[in-house]
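Asker: Before anything else, here's the structure in question.
The values are calculated or read from the model by the stated rules, or taken from the named source; none is laboratory data. Computed from a predicted model, the values in this text were never measured in an experiment. Positions of Cβ are generated from backbone atoms using ideal geometry, with glycine treated the same way; all protein chains shown enter the neighbour counts. When the accessible area is computed, the model is the full protein with side chains, heavy atoms only, and any ligands, DNA or RNA have been set aside. Shrake-Rupley method; radii C 1.70, N 1.55, O 1.52, S 1.80 Å.
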Amino acid sequence: MSENVGVGGFFGRWVFALVLVLGTYNPSGYSFATWVLDSETSFGPVITIVGLVLLIGWIFCLRATFRALGWLGVTLGAALFAAFIWLLVDTGLISMDSTGMLTWLSLIVVALILAVGMAWSNVKRRITGQYNIDDIDD
């Protein structure tokens, strides 16, 4: 299945990462962070289960991303997307006063970096023909 990763495979990884990122925090007020920090929320098993599921998802995505891209790749990806957001601000498409829009864009960028990291091994294999040791074990 991993041999046939294309646009659809990348899109699926991005949707998974986006759900994870936006489920953890987003400025709309409907996220795990706002739920937990609400003064009316009492700690219980449901919060614990949701928190652990999110933690497992973050560990899975971050581990895959950092194994595939490393610190340098993640940093370069973040710099590339930051420069793109800078371009949007510089051309006037986005205002620096629009903190909500900048927050949404930043969260989408985090999800994009995670998706690139989860798909990078497949992209690298297609471009260079080199297999990762994990691919050979399967």
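Asker: Given the structure, is LEU55 open to solvent by 50 Å² or more (accessible area, probe 1.4 Å) and at pLDDT 95 or above?
Answerer: yes
Asker: Among the residues of region 1-52, which ones are among the charged types (D, E, K, R), over 27 Å from MET118 (Cα atoms) and either surrounded by 10 or more Cβ atoms within 10 Å (Cβ to Cβ) or modelled with pLDDT of 95 or more (or both)?
Answerer: Passing the criteria: only ASP38.
Asker: Collect the residues in region 74-109 that are among the hydroxyl-bearing types (Ser, Thr, Tyr), open to solvent by 50 Å² or more (accessible area, probe 1.4 Å) and outside any helix (DSSP H, G or I), keeping them in residue-number order.
Answerer: THR91, SER95
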